[in-house]
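For reference, the structure discussed in these notes is given below.
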Amino acid sequence: MRGLPASWYLDPDRALLEDSAIFAPSWQFVGHVSDLPAPGTAVRFDCGGRSAVVLRTKAGGLQGFRNVCRHRGARLVEGDAHTGLAFCIDGRLRCPYHGWTYDEAGALVSIPAGQHFDELDADAHSLHPLHVGQWRGLVFAAFQAPRQAVEQVLDAAAGTWPDLTSMRRVIEPRATPCAADWKLTCEHTLDTAHVDVARPALKPRLFSPLVFDRGEGDALHATAAVATGALGDTWSSRMYRQLLRDRKSSPACAEYVYLWPNLLLQLAPDGLSILQILPGATGHSTLRELRYAAPDVSREMRLLRYTHQRVRRQAGAADARLLARVQQGLGMLDADATGPLATGEVGLRWFAERCRARLPAPASSTLPIGGGKRRRSTPSARA
Ligand code: FES
């Protein structure tokens, strides 16, 4: 099996295709149930050119809408671009542009006095609803109907995971720009061969390469043991691994679930780390990182979380440099060039299969490759 053609990481025209064929009908992580604690609280979520708002209703349920007013298209809820937190009043969404107001079911319920229209069917101007799903305390939304319920997909891969509902945020979410196409960044999280080669020289690490052991459909499960004898070690990584080994009550390993197309969940003894890779401009993506953990303010747990977070930041910086280097290298290849995927690269093969199944092969066209030089791509790249 071969990887995706180089042009798929470089072609600006593919963004629209990917948005409609991959992102719109996929489950996207929005937040944790604790991010929506009371009626009227809301979370804004942006993905590519789309924006969603998910709010807690008075009855305690969740409703999701496209974050756009049906009058003239203003964005309804701004919220914090990094945390995603937003608020509405009394479960009502009032557009900041001309004041149209929608209830928690998305119905248009009022228009400011003085605005008159020849004909206005309020029912035809409700907010566009989204598909909202929950799995063990995690909230997901989809702009179009996904193939399966999110519970079904995640149960198949992570049915043994505990309920995560009691967890809370332990750090502020971060959104970090990355100079690599979103597919390349996703593949990097699934790539196991680079860990022993590239990482020791770049950074310390906490866990060994992922071992994929189960999963079907749109989610994969993997485990990783605590790393031993890691080169490039730091105080944080040594301390974290030692603390984990000292803990008798929990297994000293991490479990992972990768949810198609762009979400990596890591469940470690000190909490749940979430990495969501969002598409950006051509050759760019954004890494959305969140961490949640069960309430435990013991000194040992605080030290465990602190050292874990320090290493994740060091690792993130090293990954960003490596990814930028690969993205630049892809620009020097022929448009239809592909590299072989090793038989043991379960995650990479799984990802490439899904991309090829959902995206049409590139039409024969000229593409900007390598410093503005234009080469012809071929439609035969699709396996
Ligand atoms: S665009 Fe929202 S009220 Fe006009």
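At-a-glance table
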read-out: Charge sum, other residues only, whose C-beta stays under 10 Å from residue 14's C-beta, Lys/Arg counted +1 and Asp/Glu -1; value: -4
read-out: Sorted peptide list for 107-119, 325-337, 5-17, criterion being average Cβ within 10 angstrom, highest first; value: 5-17, 325-337, 107-119
read-out: Candidates 360, 173, 340, ranked by Gaussian network fluctuation over the chain, Cα under 10 Å, top entry; value: 340
read-out: Rg/Rg_ref, the stretch 28-135, where Rg_ref = 2.2 N^0.38 Å and atoms are Cα; value: 1.05
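A short reminder: the numbers here are calculations on the coordinates, not readings from a lab. Keep in mind it's a predicted model, so treat the numbers as computed, not measured. Positions of Cβ are generated from backbone atoms using ideal geometry, with glycine treated the same way; all protein chains shown enter the neighbour counts.
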